[in-house]
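Comments concern the structure below.
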Amino acid sequence: GNLGSQLVEYKEEMYITSDCGNTWRQVFEEEHHILYLDHGGVIVAIKDTSIPLKILKFSIDEGQTWSTHNFTSTSVFVDGLLSEPGDETLVMTVFGHISYRSDWELVKVDFRPSFPRECTDDDYESWELTNLQGDRCIMGQQRSFRKRKISSWCIKGRSFTSALASKVCECVNSDFLCDYGFERSAPLESSRCFADFWFNPEAPPEDCVLGQAYTSSTGYRKVVSNICEGGVDLQQNLAQHMCPLIAPKGLQISIREESLAVRPGEDITFIVKQEQGDILNTKYQVDLGDGFRAIYVNLTMTGEPIRHRYENPGIYRVSVKAENVAGHDEAVVFVQVNAPLQALNLEVVPVVGRNQEVNLTAIILPKNPNLTVFYWWIGNNLQPLLTLDYFLVTKFAETGDVRVTVQASCGSSMLQDSKVVHVFDHFHVLPLKFTKHLDMYNPDIPEWREDVGRVVTRLLAKETNISEETLMTVVKPGLPTTADLHVLLPAKQPKRKRSVPDDKRIATIKQALNAHNISFFLRGGYWVLVTLADSGSDSQRIGGGSGYWALVVLFVICLVAVGAFILYKFKRQV
């Protein structure tokens, strides 16, 4: 260590004591390897350094004086010192290496020839252990020891013992401390111990059983390992009390598997614990939330678990009520029983206006799982938005393509879907509706709606000579079957030979529909005719303009075979 207010790494001095730590004296200014031989009769020291050494120091007078000894003719990088079988011997070993690439070097040093004889009784002197105040009674006993005189040059030997005699002391106030929940009225050992404001010394212990007795503390306890006898007894006059019936407290219910989300039919084990209160005369009412109810006795004492299995998905409130005459306590835990997610589809309008509200909808199967958490990523934002609802309403402040990703997490299962949304300043929307016959064949799934939208877009683009990239038909979910035709502004590029000017595109679409030029044939024998229903309405222009185009897709169904049905994939007949 070092002298000062704190330890300093670069200043590692060595100190030694001869009176069990009451006083200390410095022996080295640097750190050394230390080894005790012959019960401390010889102290060996080698400097702890990174340079090779061949000299060691040793002392036979408790570090008062030090002698040197060349333990090797070749300098050695010292790694440590070793004595076998222990500090009783005078033979030691220095282990290290000559170079960093060499093998271990072991150097044996024998101090036995340096001592001419064995020690006799005249070579020892006695001393008594005292504390800093000079008291000889420490931990309830007075002990005397013997040690070799500094002037004696002899070997203690393996049979040496330092203890001479011990005497048990009478107890005094200093042999006692304040008991748990008590503190002294002043920072003096002579002051009395009083109960803290939060502690009731008359309260029974937590493990107190009805019919048994317990003692209340007087505020004092003997220091651990103190063996004093007689004299002062601050623990006398302990009051005895009979254990009362204690109300249950600290009731806990947990799951052994440590998972509050399980699948239908999966085994689950409940563990009930009680921190305080009577357990022998307490009844435990268990309700597992699915109709199972039971009453247990000694449930927390036996530690018997409650095993159960939930067959149906849902959220179950599991409760345990512990009750006796003195009172009651209750513990509750909610268990989620979730079937794993099977499918997730993100539905969003592919074309939206800048700063226009858009609804992002996550369609999951099973349709109504419990407490599904949805994580929404908008664009390149790494921080998701979390919702318990399956939809999110948002806006896009910048034009361009924005990727929207949603993750659905339910129990231990998680699915993800992603879509790209095209954001424009201006575009036209033409609401479409279909005759009611189509509703009979609408399975209301994303793939079917996408197929119908692509067919209508492709036919309109070919008939009107309008770029298919500027048209997008979006069939809406649900019944009745409806759709929106998005007419986008064309990109700024040289006009092709047969391209249609922007201001004539809506009129061209109207003319094509009025002329009954849009038609396709369904696989299975169904011919579909697309016509314009209302020639007097206008289109809605996102970002400016007003009115609606109303289109009606009229299906003329020609029955080919009984039981024929509409397939999800369509094939256009030219």
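Enumerate the strands (runs of 3 or more DSSP E) found wholly within segment 351-419, keeping only those where 1 or more residues are surrounded by fewer than 18 Cβ atoms within 10 Å (Cβ to Cβ).
358-365, 373-378, 385-387, 391-394, 400-410
Going through ILE268, ILE315 one at a time, which residue ends up being closer than 30 Å to LEU415 by Cβ, in a strand (DSSP E or B) and open to solvent by 50 Å² or more (accessible area, probe 1.4 Å)?
Unique residue meeting the criteria: ILE315.
Which residues, taken from segment 233-265, are assigned to a loop (DSSP other than H, G, I, E, B) and surrounded by 14 or more Cβ atoms within 10 Å (Cβ to Cβ)?
ASP233, LEU234, GLN235, CYS243, LEU245, ILE246, ALA247, PRO248, LEU260, ARG263, PRO264
Condition test on LEU188, is it at pLDDT below 90, over 30 Å from LYS57 (Cβ atoms) and in a strand (DSSP E or B)?
no
Scan segment 28-75 residue by residue and report those that are in contact with a strand residue (DSSP E or B) (Cβ under 7 Å, 6 or more places away or on another chain), more than 30 Å from TYR100 (Cβ to Cβ) and open to solvent by less than 40 Å² (accessible area, probe 1.4 Å).
ASP38, GLY41, VAL42, SER59, ILE60, GLY63
Being over 30 Å from ASN324 (Cα atoms), in contact with a strand residue (DSSP E or B) (Cβ under 7 Å, 6 or more places away or on another chain) and in contact (Cβ under 8 Å) with a residue 40 or more places away in the chain, is that true of even one residue in segment 194-202?
No, every residue in segment 194-202 fails to be over 30 Å from ASN324 (Cα atoms), in contact with a strand residue (DSSP E or B) (Cβ under 7 Å, 6 or more places away or on another chain) and in contact (Cβ under 8 Å) with a residue 40 or more places away in the chain.
Kindly indicate whether any position in segment 171-178 is within 49 Å of the chain's Cα centre (by Cα), assigned to a loop (DSSP other than H, G, I, E, B), touching a residue at least 40 places away in the same chain (Cβ under 8 Å) and outside the structural domain of THR17 (by the TED database).
no
Filter segment 124-162 for residues that are among the β-branched types (Val, Ile, Thr) and farther than 30 Å from GLU84 by Cβ; which is nearest to the chain's Cα centre (by Cα)?
Checked segment 124-162; the qualifying residue nearest to the chain's Cα centre (by Cα) is ILE138.
Take the conditions modelled with pLDDT of 80 or more and more than 25 Å from LEU360 (Cβ to Cβ) and apply them to ALA461. Does it pass?
When the stated conditions are applied, ALA461 passes them.
Restricting the first residue to segment 2-17 and requiring it to be without any contact (Cβ under 8 Å) to a residue 12 or more places away in the chain, which pairs with a second residue that is surrounded by 12 or more Cβ atoms within 10 Å (Cβ to Cβ) and of a type outside the set (S, T, N, Q) meet a Cβ separation below 6 Å and a spacing of at least six or different chains?
Sorted first by the residue in segment 2-17, then by its partner, the pairs are ASN2/VAL8; ASN2/LYS11; ASN2/GLU13; THR17/TRP24.
Which condition does VAL455 not pass, out of (1) outside any strand (DSSP E or B); (2) over 26 Å from ILE509 (Cα atoms), if it passes all the others?
(2)
Please specify each residue of segment 87-104 satisfying the condition of being under 22 Å from TRP153 (Cβ atoms) and outside any strand (DSSP E or B).
If the condition is that a residue be under 22 Å from TRP153 (Cβ atoms) and outside any strand (DSSP E or B), then ASP87, GLU88, THR89, LEU90 are the ones that fit.
Show the residue pairs that are 6+ apart or on different chains and have beta-carbon atoms under 9 Å apart, the first residue being within segment 59-73 and farther than 18 Å from VAL91 by Cα and not assigned by the TED database to the domain that holds LYS147, the second being open to solvent by 30 Å² or more (accessible area, probe 1.4 Å) and in a loop (DSSP other than H, G, I, E, B).
Pairs found: none.
Do you know which residues across segment 271-295 are out of contact with any helix residue (DSSP H, G or I) (no Cβ under 7 Å at 6 or more places or on another chain), open to solvent by less than 30 Å² (accessible area, probe 1.4 Å) and touching a residue at least 40 places away in the same chain (Cβ under 8 Å)?
GLY277, ASP278, THR282
Could you look through segment 191-203, keep only residues that are among the small types (Gly, Ala, Ser) and in a loop (DSSP other than H, G, I, E, B), and pick out the one that is least open to solvent (accessible area, probe 1.4 Å)?
Only one residue tops the list, namely SER191.
Give the residues of segment 204-221 that are open to solvent by less than 50 Å² (accessible area, probe 1.4 Å), modelled with pLDDT of 85 or more and either within 38 Å of the chain's Cα centre (by Cα) or among the hydroxyl-bearing types (Ser, Thr, Tyr) (or both), sorted by residue number.
Correct list: PRO204, TYR214, SER216, SER217, THR218, TYR220.
The values are calculated or read from the model by the stated rules, or taken from the named source; none is laboratory data. It should be emphasised that the depicted structure is a prediction, and the values quoted were computed from it without experimental measurement. Note: ideal-geometry Cβ built from the backbone for every residue, glycine included; neighbour counts use all protein chains shown. Just so you know, the surface numbers come from the protein's heavy atoms only, side chains and all, with ligands and any DNA or RNA stripped out. Shrake-Rupley method; radii C 1.70, N 1.55, O 1.52, S 1.80 Å.
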